[in-house]
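Notes follow once the structure below has been shown.
The values are calculated or read from the model by the stated rules, or taken from the named source; none is laboratory data. Please read all numbers here as calculations on a predicted model, not as lab measurements. Ideal geometry is used to build each Cβ from the backbone, glycine not excepted, and the neighbour counts take in all protein chains shown.
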Amino acid sequence: MDDRTMWAVRMHAFGEPEVLVRERVPRPVPGPGEVLVRVHAAGINPPDWYTRRNFPSIPAELRPRWALPLIPGSDISGTVAALGPAPDGLPEGSTAGATAGSAEPRWQVGDRVHGLVNFPGRGAGYAEYAVAPAGHLARLPAELDHLTGAALPMAGLTAHQYLAHLRPAPGITALVNGAAGGVGHLAVQLLRAGGADRVIAVASGRHEEFLRGLGVDRFVDYTATRVEDAVRDVDLLFDTVGGPDAHRLLPALRRGGRVAPVFFGDYRPALAAELGLAVEERTWQVRSDGAGLAALDALVAAGAVRVAVAGVFPLAEAAAAHRRAEQGHLQGKLVLHVAD
Ligand SMILES: NC(=O)c1ccc[n+]([C@@H]2O[C@H](COP(=O)([O-])OP(=O)(O)OC[C@H]3O[C@@H](n4cnc5c(N)ncnc54)[C@H](OP(=O)(O)O)[C@@H]3O)[C@@H](O)[C@H]2O)c1
């Protein structure tokens, strides 16, 4: 095989999982300030299949318009294979892979790295090689394997960045809806690590043992119990589910409580106001952030946060992985294995 091409999973049309085809494509070349990563594992996230289906559940005005063919995927874990030229603004002879005007990490070939790359935007992670701006990557700690490294970035950064934005006070009672999923299972742990007094997890019954193992104080099976009848006086609702009936959980909050919608939902502003609740803007969006990921890595490496990998598929079976992901009820993350 020549070194100008690589295997990747690409789509030439929007549609069902079958549009994901493994084929040989040109290997990307890192530009100024970018790093070429030999991908060992790629994480699967909901935006990957929203992209594949051309974003049907996203309001039309917010829908990205992307040209085909495209390689999906934004979460990667691998090793640095090459460095692009130093970016403009850095003195001649600067180490390639650095970013202009900042103290970004200066990567070297062979470094183990991972990251949420080029997000929001096109990551092209379902491939043997991917390029990433140097600042989108974090060093993968020795304690973490590449499957874990690929599982963590988007889900972890979503919880991490949203909680950094909300700055919940210590001692609160938090309710995490969709608690067993990629974002949810990390949010419950970050809330705990951040000093929440009580974390209540809402998920289907099959996830109770898993979530209790992650340290939640109370588990509510939404398939057997109406959460809004069973729970009261919540300070913060961290809602990864949303949807047209998202407002049903509002009575579980105390007056002055806050709602953090991670996905689009109808929180009925009039009802929220009547109940004295603050609903955060849903325009909030996770972003690539190597430094934030490094902070999360420290928690994972220390054993304070556990990353659950629900399933691993070979790169060539990306379509099967998407089919599984879209069935829902995940306990943690799905990951594509690309190379040892
Ligand atoms: N704002 C952002 O920047 C951002 C970033 C990342 C993700 N997101 C969005 O956040 C959402 C969650 O992402 P994810 O990666 O965590 O997805 P995921 O891994 O598929 O997890 C979703 C979880 O929700 C649970 N669930 C489904 N219906 C439920 C219900 N009615 N009540 C309670 N739980 C329910 C599912 O399992 P059970 O039903 O078995 O409990 C599953 O564990 C997605 O819509 C994604 O697009 C937004």
If we scan region 52-69, do we find a residue that is in a strand (DSSP E or B), touching a Gly at 6+ places or on another chain (Cβ under 8 Å) and within 26 Å of ARG324 (Cα to Cα)?
no
Consider ALA304 carefully, then state whether it is touching a helix residue (DSSP H, G or I) at 6+ places or on another chain (Cβ under 6 Å) and more than 14 Å from the ligand (Cβ to nearest atom).
yes
Which pairs turn up if I take residues in region 129-143 that are closer than 18 Å to GLY156 by Cα and look for partners that are basic (Lys, Arg) with beta carbon separation below 7 Å, at least 6 apart in sequence or on another chain?
ARG139/ARG112; LEU140/ARG112
All-but-one check, LEU144 against (1) assigned to a helix (DSSP H, G or I); (2) in contact with a helix residue (DSSP H, G or I) (Cβ under 8 Å, 6 or more places away or on another chain); (3) closer than 24 Å to LEU315 by Cα, failing number (1)
Could you tell me whether region 324-336 includes any residue that is part of a helix (DSSP H, G or I), at negative phi and more than 12 Å from the ligand (Cβ to nearest atom)?
no
Name the pairs whose Cβ atoms lie under 6 Å apart, with the first residue in region 190-209 and without any contact (Cβ under 8 Å) to a residue 40 or more places away in the chain, the second among the hydroxyl-bearing types (Ser, Thr, Tyr) and in a strand (DSSP E or B), and 6 or more positions between them or separate chains?
ARG198/THR173
Of (1) more than 16 Å from the ligand (Cβ to nearest atom); (2) buried (at least 19 other Cβ atoms within 10 Å of the Cβ); (3) in a loop (DSSP other than H, G, I, E, B), GLY78 fails just (3)
From the options PRO85, PRO91, residue that is assigned to a loop (DSSP other than H, G, I, E, B) and either of a type in the set (Lys, Arg) or modelled with pLDDT of 50 or more (or both):
PRO85
Look at region 96-155 and say how many of its residues are at pLDDT below 95, within 16 Å of the ligand (Cβ to nearest atom) and buried (at least 20 other Cβ atoms within 10 Å of the Cβ).
1
Specify which of the listed residues (ALA316, ALA320) is touching a Pro at 6+ places or on another chain (Cβ under 9 Å), at pLDDT 95 or above, farther than 17 Å from MET154 by Cβ and not assigned by TED's automatic domain parsing to the domain that holds VAL216.
ALA320
Sole exception among (1) within 14 Å of the ligand (Cβ to nearest atom); (2) of a type outside the set (Lys, Arg); (3) touching a helix residue (DSSP H, G or I) at 6+ places or on another chain (Cβ under 7 Å) for LEU277, by number:
(1)
Residue set ARG212, ARG167; condition within 16 Å of the ligand (Cβ to nearest atom), without any contact (Cβ under 8 Å) to a residue 24 or more places away in the chain and either within 28 Å of ALA42 (Cα to Cα) or more than 16 Å from the chain's Cα centre (by Cα) (or both); output residue ARG212
Does ALA272 qualify as being more than 15 Å from the ligand (Cβ to nearest atom), under 25 Å from SER77 (Cβ atoms) and modelled with pLDDT of 95 or more?
no
Which residue, of GLY311, GLY290, GLY303, GLY276, is without any contact (Cβ under 8 Å) to a residue 40 or more places away in the chain and surrounded by 14 or more Cβ atoms within 10 Å (Cβ to Cβ)?
GLY311
